[in-house]
Amino acid sequence: MKITSLLFSFLLFFLLHSGSNAQQPANRVLNYLDYTTQSKPERGFPLFENGDAAVLYVANSDEAGVKRVAKLLQKDILKVSGVEPRLVISDTIPGAEHLIIIGTIDKSPVLQQLAEKGVVSVDDVKGMWEATVVTTVKTPVEGVQSALVIAGSDKRGTIYGMFDLSQQMGVSPWYWWADVPVKKKNQLFVKGGRYVSESPKVKYRGIFLNDEEPALGNWVRENFGDFNAQFYDKVFELILRMKGNFLWPAMWGKAFYDDDPQNAELADEYGVVISTSHHEPMMRAHVEWDRYGEGSWDYNRNADKLKEFWRVGIDRMGDNESLVTVGMRGDGDEPMSTNRNIELLSDIIDNQRRIIAEETEKPASQTPQVWALYKEVQDYYDMGMRVDEDITLLYCDDNWGNVRRMPGEEERQRIGGSGMYYHFDYVGGPRNYKWLNTSPLPRVWEQMKLSYAHGIDQLWVVNVGDLKPMELPIQFFLNLAWNPDAMGTEELDAYPGYWAAQQFGAEHAEEIAHYLRQYTKFNGRRKPELISPDTYSLTYYNEFERVVTEYDDLARNARVLYNDLAEEQKDAFYQLVLFPVEACANLNRLYYVTAKNRLYAGQNRVLTNVMADSVEYLFQKDQEMADYYHTEMADGKWNHMMSQTHIGYTYWQQPEQNNIPETQRIENKSSGELGVAVEGSEEWGPDVSQTLEMPVFYEIGKQSGYVEVFNRGTIPVAYELEVSDSWIVPESLEGQIDTQKRIRISVDWKKMVPGVNQGILTIQGRDDSVDVLVKARKFAPDELQMIQGFVETNGFISIEAEHFSDKNQVDGLEWRVIPDLGRTGSSVTVSPVTAESRAPGDEMSIDYPVHFTDTGEVTVYAHFAPTLNYTGGEGFRYAVGFEGEEPVMVNIHEDETHADWQSWVANNVNICSSKHKINQSGNHILKFYMVDPGLVLQKIVIDSGGLKPSYLGPEESPFVYH
């Protein structure tokens with residue numbers, strides 16, 4: 001099928017290809033049922049009105065965790081209504097005009113009686129995993145006028161039903177963890193009817209507290225004394241409010257079971273499934289070996305002691321709902337050995353399962369287990385090692401958000417299923433990233449949807465570091481895990497707005513969503529810990545300046561909104577929005593000013609030392625923002641949480657303290673000397689042997705540029721501008737500079753002839769002068785009328801992937817735009833991601849119209865998300881070619897090395913290239929062909945001889961259609 005656009009314009013591009021906020025209900029992506037209303041319905045149930053609240057009832061025989069959460073629901077209703085409802089925990093149902101009956105189907109006699117009498121129906125959820133039914137009932141028993149029944153198929157189903165109601169009332173999951181205020185309501189009702197929340201699509205869904213020093217660790221010790229039950233009580237509640245059910249506890253010198261025996265008891269009461277991390281087998285924290293182990297952590301030499309150590313872990317676990325990690329890595333989360341001894345690791349797991357069976361007194365297959373294919377352990381599996389069918393295979397990303405391997409058909413048939421261990425935080429090469437959120441939601445969505453499409457639905461766990469400040473991606477991850485099918489591209493695009501409305505209300509939700517999208521997109525370009533004065537180009541495409549300006553604009557506008565918010569919203573807004581925006585804007589400007597200082601020092605600019613002073617100011621400002629976060633915001637509740645070092649990395653490991661970037665200082669001359677630099681050139685004058693040259697002006701595209709005049713001393717310098725041709729138009733012809741000034745240069749197209757026009761702009765100082773070559777390309781009228789597509793200027797064409805003109809696709813396959821997934825725009829991929837590979841052909845391609853002003857060899861650079869070779873095959877391929885040309889096939893993983901991978905993840909892009917010949921100038925069609933699914937195309941840049949080095953590539957080229 002071929003789909004052709006009627007209008008060849010960017011307006012149509014946006015109509016066809018951009019993600020729309022098509023207003024799927026927020027509950028669809030935030031995972032609640034949406035049955036409450038503030039307007040009194042004809043049929044319905046009053047939660048609270050006129051100063052009265054419905055009574056809460058839980059059977060005495062129900063789960064302890066249900067009773068605990070019922071008390072939290074009681075507090076939530078108080079927060080919203082100002083009225084504390086009566087909570088009755090009893091064997092008999094209380095008399096009440098309006099009663100909320102809460103219960104687990106097989107634990108509540110009242111629910112069972114109501115079901116037997118046909119008053120409520122629970123058959124469709126009974127026996128399911130974590131399902132909930134909510135229904136309104138008139139006079140369910142004598143003495144009760146109306147009831148709201150919240151029935152869970154199991155303990156968590158009941159708990160989710162209660163927290164579902166809290167969320168609808170307006171209690172954010174982050175009310176405590178991010179100080180999100182609860183908006184008061186005078187009345188609230190449940191609309192009459194029956195509402196069902198079916199089982200989640202992913203069985204275990206949770207987080208991993210990791211790399212928790214110094215931030216989380218110091219905060220916990222200051223507020224709770226240790227990682228004890230008082231602390232974990234807050235963590236468990238948060239997980240359940242987001243309908244998660246799983247935790248890998250903190251493990252840097254921490255031992256969940258050993259630090260506080262009540263930790264495990266409380267987890268089991270809440271219904272949070274506890275496991276131990278990928279390198280901590282048999283329910284024992286690694287630090288426990290330091291505390292109690294004897295001998296070396298070496299199975300070859302110390303097997304008996306290790307078995308005793310593991311036996312204690314399983315015995316201590318008891319009947320608590322758990323997921324036991326099996327296998328073994330080396331001491332300190334390192335490889336067990338330099339070789340891959342399959343026989344040894346197989347023997348280890350066999351003995352671990354024997355211990356599990358003996359200690360639980362039931363077959364090992366009846367205790368859920370997981371084997372993490374993390375780092376080198378995946379090699380064991382790739383080399384043929386297999387484990388029992390009931391063990392869940394936990395696949396892993398590369399620690400940078402790119403999945404390493406997907407299960408094949410054989411693995412998808414396994415009883416234990418498959419899981420995914422993902423990262424929002426990491427300690428390791430090419431560099432730690434632990435400070436702020438750097439995981440754009442579109443990439444998380446794309447990789448986790450990819451995982452789900454390949455059958456990974458048993459366990460999703462994500463490394464969240466200190467928990468704060470990962471609030472947004474944590475909730476997104478858990479919301480997505482509940483039902484990946486419900487989260488399409490439209491829901492993805494709308495999610496930040498829905499999330500912002502949940503925290504701050506609808507009034508500013510879209511504006512806040514913009515800040516959330518943008519700062520995570522900017523951080524996703526390159527982790528803050530990896531930014532340096534050399535990351536972005538100071539010279540070409542105004543890149544560094546554009547990056548900093550974008551962030552500064554974001555920070556300035558977010559600050560304006562902060563000042564306008566109600567006082568009770570400011571602490572939450574600062575944590576969730578303003579601090580990450582302002583802190584990252586400040587960090588980028590810090591490195592930008594450092595780069596300018598070093599450039600200016602080489603040119604002896606008078607502002608060199610001012611730039612050095614600015615670096616010191618911005619470095620201090622970074623600390624001041626952290627101090628405010630720690631000591632003033634929320635009355636100092638979150639002291640230590642922003643203490644993670646992030647400035648001054650010299651290799652992968654973090655510095656002990658933030659270190660100010662090195663700057664240069666010069667002795668300013670007591671005279672005044674003219675200096676001149678021009679846009680897009682590393683040369684400057686007057687100390688230059690050749691004429692400076694500005695980028696070429698084109699009649700289509702950028703219409704102005706600049707020269708920068710600067711002082712190389714402390715005495716003001718007068719200057720004059722002269723032009724060789726009247727079509728060169730400076731914004732001013734003379735002036736005086738104390739420090740420096742940019743002078744805009746434009747051209748008068750009416751005063752030049754078709755073709756390439758060139759002239760000289762001369763900047764004259766007191767003793768020196770500098771000549772600047774100015775070129776402009778004017779098109780003849782008939783030539784101008786013929787131009788179609790993206791126009792070559794200054795030796796390149798740059799195109800955002802989403803801006804294709806035509807798409808050709810076959811039944812069962814489609815080209816899909818993933819909104820905002822990319823360093824500069826949105827991305828294009830093929831759906832479904834499980835499609836078969838195919839030979840390149842016009843029937844599965846997208847077209848990009850381009851216009852070349854010259855002929856010759858060109859290089860087409862395709863920018864991809866750094867997708868890994870997750871099938872383990874020969875690598876992923878695409879094809880590209882101009883119309884009438886044999887497509888050129890490219891394998892994005894061909895001959896890849898570890899250094900390649902480090903570059904891809906540090907730069908967050910994999911750039912591949914192909915060579916082509918343009919024999920005739922004018923209009924052409926560049927065709928991009930599907931070969932293998934799974935690739936995510938972000939951008940295309942065509943180098944026709946003038947492409948300059950930059951991090952993001954040039955801005956998108958001008959587009960013309962008549």
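Segment 390-508 holds helices (runs of 4 or more DSSP H) entirely within its bounds, and those carrying 3 or more residues that are buried (at least 23 other Cβ atoms within 10 Å of the Cβ) map to 441-453, 471-482, 489-504.
So that you can scan it fast, the table gives a plain yes or no per residue for (1) in the same structural domain as R241 (by TED's automatic domain parsing); (2) closer than 30 Å to T489 by Cβ; (3) outside any helix (DSSP H, G or I); (4) modelled with pLDDT under 95:
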position	(1), (2), (3), (4)
A22	no, yes, yes, yes
R28	no, yes, no, yes
V66	no, no, no, no
K71	no, no, no, no
Q74	no, no, no, no
I102	no, no, yes, no
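Scanning segment 591-617 for residues that are part of a helix (DSSP H, G or I), over 32 Å from the mean Cα position of the chain (by Cα) and basic (K, R) turns up just one, R598.
Within segment 351-372, residues that are assigned by TED's automatic domain parsing to the domain that holds N302 and touching a residue at least 12 places away in the same chain (Cβ under 8 Å) reach partners that are in a helix (DSSP H, G or I) and hydroxyl-bearing (S, T, Y) with beta carbons closer than 7 Å, at six or more positions or on different chains, in the pairs T367/T360. Scan segment 70-96 for residues that are touching a residue at least 40 places away in the same chain (Cβ under 8 Å) and of a type in the set (S, T, Y) and the total you get is 1. When segment 312-332 is filtered for residues that are charged (D, E, K, R) and surrounded by fewer than 18 Cβ atoms within 10 Å (Cβ to Cβ), the ones remaining, listed by number, are D315, R316, D319, E321, D331.
Conditions (1) in contact (Cβ under 8 Å) with a residue 40 or more places away in the chain; (2) of a type in the set (A, V, I, L, M); (3) touching a strand residue (DSSP E or B) at 6+ places or on another chain (Cβ under 7 Å), marked per residue:
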site: Y551; (1), (2), (3): no, no, no
site: R559; (1), (2), (3): no, no, no
site: E568; (1), (2), (3): yes, no, no
site: A572; (1), (2), (3): yes, yes, no
site: Q575; (1), (2), (3): yes, no, no
site: V581; (1), (2), (3): yes, yes, no
site: C584; (1), (2), (3): yes, no, no
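Quick check on my filter: what residues within segment 833-868 are within 22 Å of the chain's Cα centre (by Cα) and within 25 Å of V810 (Cβ to Cβ)? Those that are within 22 Å of the chain's Cα centre (by Cα) and within 25 Å of V810 (Cβ to Cβ): V833, F864, A865, T867. If you scan segment 885-912, which residues turn out to be more than 27 Å from the chain's Cα centre (by Cα) and outside any loop (DSSP other than H, G, I, E, B)? V888, M889, V890 - these are the residues of segment 885-912 that are more than 27 Å from the chain's Cα centre (by Cα) and outside any loop (DSSP other than H, G, I, E, B).
Can you pull out the strands (runs of 3 or more DSSP E) entirely within segment 133-249 that have at least 1 residues that are in contact with a Ser or Thr (Cβ under 6 Å, 6 or more places away or on another chain)? Write out each step before concluding.
Working: elements: 144-152, 188-191, 194-197, 204-209, 246-248.
It comes to 144-152, 188-191, 194-197, 246-248.
Mind checking which residues of segment 658-696 are touching a helix residue (DSSP H, G or I) at 6+ places or on another chain (Cβ under 6 Å), part of a loop (DSSP other than H, G, I, E, B) and either of a type outside the set (A, V, I, L, M) or assigned by TED's automatic domain parsing to the domain that holds Q758 (or both)? Selection gives P661, T663, Q664, R665. Of the residues making up segment 859-884, those that are in a loop (DSSP other than H, G, I, E, B), touching a residue at least 12 places away in the same chain (Cβ under 8 Å) and not aromatic (F, W, Y) are A865, P866, T867, L868, N869, T871, G872, E874, G875, E883. Residues that are over 26 Å from L247 (Cα atoms) and of a type in the set (D, E) do not occur anywhere in segment 163-176.
Residues of segment 922-962 that are in a strand (DSSP E or B) and more than 21 Å from R443 (Cβ to Cβ): G922, N923, H924, I925, L926, K927, Y929, I942, D943, F959, V960.
Taken over segment 693-708, the criterion of being surrounded by 22 or more Cβ atoms within 10 Å (Cβ to Cβ) and over 23 Å from I797 (Cβ atoms) is satisfied by V707 alone.
Within segment 522-541, does at least one residue satisfy the condition of being in contact with a His (Cβ under 6 Å, 6 or more places away or on another chain), modelled with pLDDT of 95 or more and either outside any loop (DSSP other than H, G, I, E, B) or surrounded by 22 or more Cβ atoms within 10 Å (Cβ to Cβ) (or both)? Spell out how you get there, then give the answer.
Within segment 522-541, the subset in contact with a His (Cβ under 6 Å, 6 or more places away or on another chain) is 528-529.
From the residues that got through so far, the ones that are modelled with pLDDT of 95 or more too are 528-529.
If we keep only those that are either outside any loop (DSSP other than H, G, I, E, B) or surrounded by 22 or more Cβ atoms within 10 Å (Cβ to Cβ) (or both) too, we end up with 528-529.
Yes: one or more hits.
A search for C-beta distances below 6 Å between a residue of segment 148-162 that is within 21 Å of A53 (Cβ to Cβ) and any residue that is part of a helix (DSSP H, G or I), counting only pairs 6+ apart in sequence or on different chains, returns I150/G161; A151/L111; T158/V66; I159/V69; I159/L240; M162/V69; M162/L73.
Can you confirm whether H286 is out of contact with any Ser or Thr (no Cβ under 7 Å at 6 or more places or on another chain), surrounded by fewer than 24 Cβ atoms within 10 Å (Cβ to Cβ), in the same structural domain as L480 (by TED's automatic domain parsing) and touching a residue at least 60 places away in the same chain (Cβ under 8 Å)? Don't jump to the end; show me each part of the working.
Numbers: out of contact with any Ser or Thr (no Cβ under 7 Å at 6 or more places or on another chain): yes; surrounded by fewer than 24 Cβ atoms within 10 Å (Cβ to Cβ): yes; in the same structural domain as L480 (by TED's automatic domain parsing): yes; touching a residue at least 60 places away in the same chain (Cβ under 8 Å): no.
Answer is no for this residue.
The values are calculated or read from the model by the stated rules, or taken from the named source; none is laboratory data. Computed from a predicted structure; not experimentally measured. A quick note on method: Cβ atoms are made from the backbone with ideal geometry, for glycine too, and the neighbour counts reach across all protein chains shown.
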